[in-house]
Amino acid sequence: MTRNPTLLRGAALAGALILTGCTAGSTGESASSGGKVTLTFLTFETPNLDAKYWDAAIARASAKVPGVTIKKLVSPSADRTGYAKQLDSTGQFPDVMIGLNPAGFAEAGKLAEWSDNELAKYVEPRANTYDGKVYQLPYSAQATFVYYNKSAFAKAGIDAPPRTYDELLDDSAKLKAKGINPFVVGGGGKDSWADMFPLICTVATDVYKKTPDWLSQRSAGKVKFTDPAFVAAAQKVADLTDKGYIDRAGLSRSYADTEQAFRDGKGAMYPMGSWFSASADAKKPSFDTGVFAWPTDQGSSALPGVTGGGMTVSSKAPDVKLAKKWAKAFMEDEKNLNAAVKADGLFIDIKGYTPPDNMGPVYKESVSAFRQAQKSDGVVNSFSQETGDGSLPPGLADKAAAGVQKLLSGGMTAAQFGAYMDSQWDKATR
Amino acid sequence: MLVPIGITIGYSFTNKNPFNPPTKWVGLDNLTSLASDDEFLTALGNTVLITVIVTVVTNAGGLAIAMLLDRRGWLYNALRSVFFVPVVLSAVVVSVIWQAILVDDGLLNSMLGKLGMSDPPGWLSDPSLALYTVSWVIAWQGLGFCVVIYLAGLQGIPQELHEAAAIDGCGPMMRFRHVTWPMLAPAVTINTVMSLIGGFKAYDQVQVLTNGGPGPGTTSTLAFQVIQTAFNGNHVGYASAMAVAMLALVAAVSVIALGLLQKREVSS
């Protein structure tokens, strides 16, 4: 056999270099000529927001803004912000994006600012500001509720949703005694963000209710994740797992499979974003679905909510003015809003808009609970989902989700989780 | 190829963060910080373990299957194709399929449940198992490549050598040890080096199956850590230093393995 060791070593080294080499950088431009422009639009698909939904909404907006051709980009996972960063690093930052977390992009000047005039139709125009400026159309609100299986509750002899945290524990014990798994929580692999919902709720009730600007205080170094309040919130989640109230099977399920597990009756309560209400109405499970807010110890209102979620426009779009016009047309088109409400259960915050009359009972109940919480000043920040000043540093939400997985699996105590979060905060902000 | 590598090496000496300019020169700070970075060291340990498992499983399994398939006939031809199919599939597709099998209430645990196991393992949700599960999926996908290379090696061994050994009184084990194994040395070299590289650059399966979890860094690999640091944390300079360290490691291991295995080829 003929051999050339030098050549082979060189080839292997070259192979290794090719296989491991990676980089980031450079910028690019989109096309704009003759009064016509092609804009890239970053979307994301979920069980609720499928390709058909986006295509129809894009077509309606484009019909209102002549001269714009949209090239749709779909994030490979629900983490469209992470995908936008990858596109940015390869010079392909989209011209228009929906549901992006503007943190980092805004401060770096990568996004176009919305003016007061452009925000005139929005109920909470300054819901997410970065150094006083708005970069995302605050067109809707979403909240985290506990959706529950009314049949399972009835079977366990529970006639009303819990009003205090102790009642929640009592109900969980009754469900477990009847052989019913109390909570469906899940998100494995790329969907680990979906494991966050129990902690989002306990941080709302135990931390943000008393200290609404807690994260801003964390930025200023006035509080830490190892402080008793935050550790107590994490401890509640750990306790639920230790008592066998949260099914650990969820740690390996995808987000879609987790939703299906609740639909299949594999658990009585499903802490989830209000977008689930649309799904519960559109594809009704074999049982009636009820809604309640995760209760505080005393029974007061502390509903985790976030307003924003709308369009952001790149400051380097080939025609920023036209891109903003198209983005607003997309956001404010009544048919698009109706479709968004029906598909994703959004609580629209645009003046004069009312949801379609034929919305289902779970959505109506969710909206009612949200508006009631708003009236009683009971809506607080949604941990890890915050945007604007006083939100988590970039990358920390993913780290928090990883930590919660370990908390749920019993591999980390609440105190260790607090220390882990402090350490990750320091790394993210170094 | 050299341009992106050069740029990455350049970035590794800076604090580049596209969301927090200006970029400053930090010399060797990034590279020296890696030595005390728990997350990086965990990812390094995971990567080494995955690489060892993948290299051993694909080579041992690939050789065993190749010897079983080293026969004539349509059935063996068909089986060779079957074993090669995973190699040509996208790692993402393979991972999605395995995810459906391995989730806690997936196909595998359903079968184990029907066989009477009351509390089947959490292949992807148990932090003590997840890394081995990911390693298995990577090895499963790479197995077909090793099978083909070993088959080519086996079919290149002159039949006369086996016959001569048999006449000299060698049994099957002796023939394997003194004829087959030495003659397969070039195939072992190719498969080992490719498996090592495949293990060191593991990313897709981790991203789809576990996203580095369950829990912080449980199944995080070097490639996964580079992507997370660069695109989630925005620390492009530091991530570039990780990529440079990974590059140096893979290059060094590949060259050393190649050198050792080629020495064995010559001596055998």
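Output needed for the range A:198-355: three equivalent-ellipsoid semi-axes, defined as square roots of 5 times the C-alpha gyration tensor eigenvalues, in descending order, whole Å.
The three semi-axes for the range A:198-355 are 32, 25, 15 Å.
Along the range B:25-42 the Karplus relation, 6.51 cos²θ - 1.76 cosθ + 1.60 evaluated at θ = phi - 60°, assigns HN-Hα couplings of 6, 10, x, 8, 3, 4, 5, 6, 5, 4, 5, 10, 8, 4, 5, 5, 5, 5 Hz to successive residues, with x for each Gly and Pro.
Taking each of A:K284/A:K325; A:K36/A:K121; A:K190/A:K427; A:K133/A:K209; A:K110/A:K210; A:K178/B:K114 in turn, the alpha-carbon distance tops 30 angstrom for A:K284/A:K325; A:K110/A:K210. For peptide B:229-242, the mean count of partner chain Cβ atoms within 10 Å of a residue's Cβ comes to 5. Annotation: the residues A:V362, A:V37, A:V74, sorted from fewest to most other C-beta atoms within 10 Å of their own C-beta, follow the order A:V74, A:V37, A:V362. Across B:S81, B:S12, B:S220, mean-square fluctuation computed from a Gaussian network of chain B (C-alpha pairs under 10 Å connected) peaks at B:S81.
Sorted fewest first by neighbouring Cβ atoms within 10 angstrom, B:F13, A:F197 come out as B:F13, A:F197.
Ordering B:V48, B:V253, A:V184 from the fewest to the most neighbouring beta carbons within 10 Å gives B:V48, B:V253, A:V184.
Considering only A:M97, A:M359, A:M272, the mean-square fluctuation computed in a Gaussian network model of chain A, springs between alpha carbons under 10 angstrom, is largest for A:M359.
Legend: mean number of C-beta atoms from other chains within 10 angstrom of residue C-beta atoms, peptide B:116-126, equals 3. In this simple spin-label approximation, B:S36 and B:M67 carry label points 7 Å from Cα along the Cα→Cβ vector, and these lie 5.1 nm apart.
Shielding of peptide A:242-255 by partners, expressed as the average count of other chain Cβ atoms within 10 Å per residue Cβ, is 4.
Per residue, the convex hull spanned by the Cα atoms of the range B:88-166 measures out at 149 cubic angstrom. Computed from the Cα positions only, the extents of chain B along the three principal axes stand at 75, 52, 29 Å, in decreasing order.
Identify which of B:M246, B:M67, B:M174 has the largest mean-square fluctuation in a Gaussian network model of chain B, with springs joining Cα atoms closer than 10 Å. Fluctuation is largest for B:M174. For the protein assembly as shown, the alpha carbon convex hull comes to 188 Å³ per residue, rounded to a whole number. DSSP beta bridges fully contained in the protein assembly as shown are about 65 percent antiparallel.
No value in this document is a laboratory result; all are computed from the given coordinates. Since this is a predicted model, take the numbers as computed values, not measurements. Positions of Cβ are backbone-derived with ideal geometry, glycine not excepted, and every protein chain shown enters the neighbour counts.
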